[in-house]
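Engineer: Once you've had a glance at the structure underneath, I'll fire off some questions.
The values are calculated or read from the model by the stated rules, or taken from the named source; none is laboratory data. Computed from a prediction, not measured in an experiment: that's the story for all the values here. Here Cβ is always computed from backbone atoms with ideal geometry, including for glycine, and neighbour counts include all displayed protein chains.
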Amino acid sequence: MATNGKKSKKKIIIFSVIGLVLVVLVLLVFLGSKKDAVVTVQTEKIQRRTITQIVSATGKIQPVIKVKINAEVSGELIGLPVREGQRVSKGQLLVRIKPDAYQAGVDQADAQMNMSEANLRKAEADYKRSQELIGKKLISDAELELSKASYESAKASRDQAAASLKSAKDTYSKSAIYAPMDGVVSQLISELGERVSGSTFTQGTEIMTISDLNRMEARVDVGENDVVLVSVGDTAKIDVDSYPDRKFIGTVSQIANTATSRGSGTQDEVTNFQVRILISTPPGVSFRPGMSMAADIETETHTSVLAVPIQSVTVRMPKEDKKPEAAQDAGGVKLDTKKTTKKDEDKLEEVIFVIADGKAKTIPVKRGLSDDTYVEVKGNNLESAEVVVGPFKAINRDLEVGSAVKIENKTTKRTGASAEGDKK
């Protein structure tokens, strides 16, 4: 019996100790939850910077001026004295098409011309003689009018023959094609012996392309949202795939007024405008038509403006409009108020988080220009404030006004907009 009593007391003591430990753990968890959570952040001082707004686009290198050489008459290519890549001078022979049929047309028109001129000379002589005879009253007025009509008919026939001869010679001349300008044969499509077609009303067979490679431009497609930012005269920095270690400078020379669309009528429809950028080609660089490139067009620059990293700007409900996440109704039922309505979205304002006395607070800001890294901001009390720059989760979710923070800044090399004082 005594043994059973000792065992019971021992069990009571053990369970009492376990219960006490559980109570202590619950208290620790409860009291710990009451403490403010400390959010670890990275910060930097707001500085004045130079912000350049960039519009990026890709495209191809093309000559400013290029001329397609098309056949205007049909026939066999019997002369093609140039090769692709060859430099040619204005007036140099490029193509000769077999002219036999056109030479025959010239000979026929020339013979017709000689006949009509002979007829005209005879009719003119007859008309002059009739004028002399009418003065002597040796012929009637009707005979004079008939002689005059014959003369005018012969003259019209001569004029028609002259026009036919001119047309035949013009057609014959088109069997030889000469360079319309100084340039390079950038594309040779047809080959010697090939038959080409020409037509007065439709485009004839394309034989080659002559390009002026001394003046090159980049042709890029810019989206409809960005093209309104671009102006003629804007500077562009150009990367050409064939010259990976060099940057080239260009100037926007032309912006298309009409859009080009891809995937029309589908969810993937894209609307672009072609922008042409005249490139300054340095000595020793040889651009070729069709080279791939990318351009950063500098559309606007603001100097000495307050700027923060792009990720530092977030949105929050204005302090006076904040609502509790949950409330109790008269019957003690918990009401969910977490849903954001369209009206609430309209009230959201852009803010940055700054650190003061170890706590986070927000400053409402208005965005200005931005580049790849920094954005211009306008607001009160921004000069030299310590702005939160990361992590992204802290800025967009964890931080609230009054949150306790722990600052852990790493020394990293900054990129993006240049801060005043960075360069000396």
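Engineer: Taking only pairs six or more apart or across chains, which ones have beta-carbon atoms under 6 Å, a first residue in the range 282-308 that is aromatic (Phe, Trp, Tyr), and a second residue that is crowded, with 20+ Cβ neighbours inside 10 Å?
Structural biologist: So the pair list comes out as 287/61; 287/216.
Engineer: Determine which member of the set 121, 96, 87 is surrounded by 14 or more Cβ atoms within 10 Å (Cβ to Cβ) and either out of contact with any helix residue (DSSP H, G or I) (no Cβ under 8 Å at 6 or more places or on another chain) or at pLDDT 95 or above (or both). Spell out the reasoning first.
Structural biologist: Details: 121 fails: surrounded by 14 or more Cβ atoms within 10 Å (Cβ to Cβ); 87 fails: surrounded by 14 or more Cβ atoms within 10 Å (Cβ to Cβ).
Residue meeting the stated conditions: 96.
Engineer: Which of the residues spanning the range 89-104 are in contact with a strand residue (DSSP E or B) (Cβ under 6 Å, 6 or more places away or on another chain) and within 19 Å of residue 197 (Cβ to Cβ)?
Structural biologist: Residues satisfying the conditions are 94, 95, 96, 97, 98.
Engineer: Is it fair to say residue 218 is within 25 Å of residue 87 (Cβ to Cβ) and surrounded by 15 or more Cβ atoms within 10 Å (Cβ to Cβ)? Write out each step before concluding.
Structural biologist: Values: within 25 Å of residue 87 (Cβ to Cβ): yes; surrounded by 15 or more Cβ atoms within 10 Å (Cβ to Cβ): yes.
Spelling it out, residue 218 is indeed within 25 Å of residue 87 (Cβ to Cβ) and surrounded by 15 or more Cβ atoms within 10 Å (Cβ to Cβ).
Engineer: So, in the range 129-150, exactly how many residues are under 22 Å from residue 162 (Cβ atoms) and charged (D, E, K, R)? So that I can check it myself, show each step before the final result.
Structural biologist: Here is the first cut: in the range 129-150, the residues under 22 Å from residue 162 (Cβ atoms) are 148-150.
When the remaining residues are screened for being charged (D, E, K, R), the result is 148.
The total comes to 1.
Engineer: Looking only at the range 387-404, which residues are closer than 12 Å to residue 312 by Cβ, surrounded by fewer than 17 Cβ atoms within 10 Å (Cβ to Cβ) and touching a strand residue (DSSP E or B) at 6+ places or on another chain (Cβ under 8 Å)? Reasoning before the result, please.
Structural biologist: Just the residues of the range 387-404 that are closer than 12 Å to residue 312 by Cβ, to begin with: 387-392, 394-396, 399.
If we keep only those that are surrounded by fewer than 17 Cβ atoms within 10 Å (Cβ to Cβ) too, we end up with 391-392, 396.
Result: 391, 396.
Engineer: When residue 281 is evaluated against the numbered criteria (1) surrounded by 11 or more Cβ atoms within 10 Å (Cβ to Cβ); (2) of a type outside the set (D, E, K, R); (3) over 23 Å from residue 182 (Cβ atoms), which criterion, by number, is the only one it fails?
Structural biologist: Failed condition: (3).
Engineer: A further question on this structure: Going by what's in this entry, would residue 79 be described as of a type in the set (Gly, Ala, Ser), surrounded by 12 or more Cβ atoms within 10 Å (Cβ to Cβ), out of contact with any Cys (no Cβ under 8 Å at 6 or more places or on another chain) and at pLDDT 95 or above? Lay out the reasoning, then the answer.
Structural biologist: Values: of a type in the set (Gly, Ala, Ser): yes; surrounded by 12 or more Cβ atoms within 10 Å (Cβ to Cβ): yes; out of contact with any Cys (no Cβ under 8 Å at 6 or more places or on another chain): yes; at pLDDT 95 or above: yes.
When the stated conditions are applied, residue 79 passes them.
Engineer: Quick one: which strands (runs of 3 or more DSSP E) sit completely within the range 226-278 and have at least 3 residues that are of a type outside the set (A, V, I, L, M, F, W, C) and surrounded by 13 or more Cβ atoms within 10 Å (Cβ to Cβ)? So that I can check it myself, show each step before the final result.
Structural biologist: Values: elements: 235-240, 243-255, 260-262.
In the range 226-278, the matching strands (runs of 3 or more DSSP E) lie at 235-240, 243-255.
Engineer: A further question on this structure: Which residues, counting only those in the range 163-207, are surrounded by fewer than 19 Cβ atoms within 10 Å (Cβ to Cβ), assigned to a strand (DSSP E or B) and hydroxyl-bearing (Ser, Thr, Tyr)?
Structural biologist: Once the filter is applied, which keeps residues that are surrounded by fewer than 19 Cβ atoms within 10 Å (Cβ to Cβ), assigned to a strand (DSSP E or B) and hydroxyl-bearing (Ser, Thr, Tyr), the range 163-207 yields only 178.
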